[in-house]
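To start, the structure itself, in structure tokens.
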Amino acid sequence: MELSEEYPHSNHLIRYSPCANYLACVLKTKVFVRDVQSLKIKHLFTCIGEIGYISWSKDSRYLLCCIYKRATVQIWAIDQPDWTCKIEEGLVGLVAARWSPNSDYVLTVSEFQVRLTIWSITTKSAAYIKNPKHSNQALDFSHNKKYMAVAERKDCKDYIDIFSCENWTLIRQFQVATKDLVDLKWAPDDSSICVWDNCLEYSILQYSPDGRLLNSLRAYENALGIKSVTWCSPLNFLSIGSYDSKVRIINPSSWKIMSEFSHPTSLTNIVAYIEEGQDHRLQCTAPSHLNINHLQAFGYFTNRVRCHQSIIN
């Protein structure tokens with residue numbers, strides 16, 4: 001196995017571009033953009049302060065850098081090194097930033113979720129949405145890139161706002177039956193929106209974009225609930241991971257649990273792999289009852305691997 005030399009970085013801020021041609025690495029106020037194949041520096045960008053977050057645009061043309069202490073976002077163009085863009089939130093502060101699906105807009109959230117601002121990097125215009133519920137969650141774009149769903153909290157109730165991505169106007173608002181909505185996701189076919197409560201209660205609901213409650217599910221009560229949710233495209237299956245160490249697969253037609261998989265905290269069998277053609281033997285010992293939180297990797301993976309031995313039987 002060949003390893004490159006070590007490259008210094010800050011705060012684990014290393015990101016591959018979506019096109020997989022570039023690697024961005026942050027070192028305090030500087031961003032090094034390297035070619036993935038040769039690891040040679042293609043661009044070096046310097047920001048006005050220490051960088052706290054970076055994100056590539058979907059088309060890999062732009063690189064976004066957040067300087068939280070200055071409430072500023074700086075954007076760099078890969079194919080136009082002389083082009084720059086700077087977004088200043090000022091006194092309202094900055095806690096989060098993300099790209100729109102078409103890479104023409106940057107969304108920023110101010111401190112205390114006072115407002116969500118949508119900045120156009122082509123027309124230099126801005127649109128404002130008041131009081132988003134969360135900074136990094138409860139916001140999702142439809143897969144056809146036409147609509148954006150945002151959770152809002154007002155009068156101690158949760159609402160979903162649907163905006164048009166063409167002009168960022170509100171086209172629908174409806175209340176949802178959650179006690180404390182934590183996140184939402186569009187279905188793969190954009191026919192519905194799934195919302196769920198925080199971890200204190202197992203409650204997940206499915207709404208149509210016009211606000212009709214289609215389905216709801218409570219797998220159990222009086223225990224910590226949902227941990228993560230994801231849709232399966234294109235079949236519209238929904239998988240839900242919960243604090244009872246189980247993953248449940250939901251049938252999109254009946255909205256009932258069709259499969260249930262356990263994920264125990266202890267492992268009874270571990271298999272190690274080595275690269276084919278190596279003469280050395282893997283030597284390791286493990287207790288008869290190994291906790292997954294203490295599991296460490298033995299060996300490494302390559303394109304062609306074979307099972308060498310079972311560590312625990």
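The values are calculated or read from the model by the stated rules, or taken from the named source; none is laboratory data. Values in this document were obtained by computation on a predicted structure and should not be read as measured data. Glycine also receives a Cβ, built like all others from the backbone with ideal geometry; neighbour counts cover every protein chain displayed. Note: accessible area is taken over every heavy atom of the protein model, side chains too, but ligands, DNA and RNA are not part of it. Shrake-Rupley method; radii C 1.70, N 1.55, O 1.52, S 1.80 Å.
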Subject >> Those strands (runs of 3 or more DSSP E) lying entirely in region 112-225 with at least 3 residues surrounded by 16 or more Cβ atoms within 10 Å (Cβ to Cβ) >> reply: 115-120, 139-141, 147-154, 157-164, 181-186, 193-197, 204-207
Original post:
Looking at Ala96, is it under 30 Å from Leu235 (Cα atoms) and modelled with pLDDT of 95 or more?
Top reply: no
Subject >> Condition met for Gly299 (modelled with pLDDT under 70, surrounded by 14 or more Cβ atoms within 10 Å (Cβ to Cβ) and touching a strand residue (DSSP E or B) at 6+ places or on another chain (Cβ under 8 Å)) >> reply: yes
**OP:** Starting from region 171-194, take each residue that is hydroxyl-bearing (Ser, Thr, Tyr) and list its partners that are in a loop (DSSP other than H, G, I, E, B), counting only C-beta distances under 7 angstrom and pairs at least six apart or across chains.
**Re:** Thr178/Ser203; Ser192/Ser208
Original post:
Quick one: would you say Trp99 is in contact (Cβ under 8 Å) with a residue 24 or more places away in the chain and within 30 Å of Asn144 (Cβ to Cβ)?
Top reply: yes
Subject >> Evaluation of Phe237 against (1) open to solvent by 50 Å² or more (accessible area, probe 1.4 Å); (2) closer than 18 Å to Lys179 by Cα (one fails), failing number >> reply: (2)
Subject >> Every pair of residues 6+ apart whose Cβ atoms lie under 8 Å, when the first sits in region 219-237 and is within 13 Å of Asn198 (Cα to Cα) while the second is open to solvent by 90 Å² or more (accessible area, probe 1.4 Å) and not aromatic (Phe, Trp, Tyr) >> reply: Leu224/Leu200; Gly225/Leu200
Original post:
Would you say Lys58 is under 28 Å from Phe112 (Cβ atoms), of a type in the set (Lys, Arg) and outside any strand (DSSP E or B)?
Top reply: no
Subject >> Members of region 114-172 found to be over 15 Å from Ala96 (Cα atoms) and β-branched (Val, Ile, Thr), listed by number >> reply: Ile121, Thr122, Thr123, Ile160, Ile162, Thr169, Ile171
Original post:
Which of (1) over 23 Å from Ile129 (Cα atoms); (2) open to solvent by less than 20 Å² (accessible area, probe 1.4 Å); (3) among the hydrophobic types (A, V, I, L, M, F, W, C); (4) not in a strand (DSSP E or B) does Cys19 not meet, given it meets every other one?
Top reply: (2)
Original post:
Just a yes or no: is a residue in region 30-42 among the basic types (Lys, Arg), closer than 26 Å to Leu116 by Cα and not in a loop (DSSP other than H, G, I, E, B)?
Top reply: no
**OP:** Any chance you could count how many residues in region 98-109 are open to solvent by 10 Å² or more (accessible area, probe 1.4 Å) and of a type in the set (A, V, I, L, M, F, W, C)?
**Re:** 1
**OP:** Scan region 249-263 for residues that are open to solvent by less than 90 Å² (accessible area, probe 1.4 Å) and either basic (Lys, Arg) or assigned to a loop (DSSP other than H, G, I, E, B) (or both) and report the count.
**Re:** 4
Original post:
Any residue at all in region 84-93 that is farther than 27 Å from Glu166 by Cβ and of a type in the set (A, V, I, L, M)?
Top reply: yes
Original post:
Which of the residues that make up region 226-244 are part of a loop (DSSP other than H, G, I, E, B) and either under 25 Å from Asp190 (Cα atoms) or small (Gly, Ala, Ser) (or both)?
Top reply: Ser233, Pro234, Leu235, Asn236
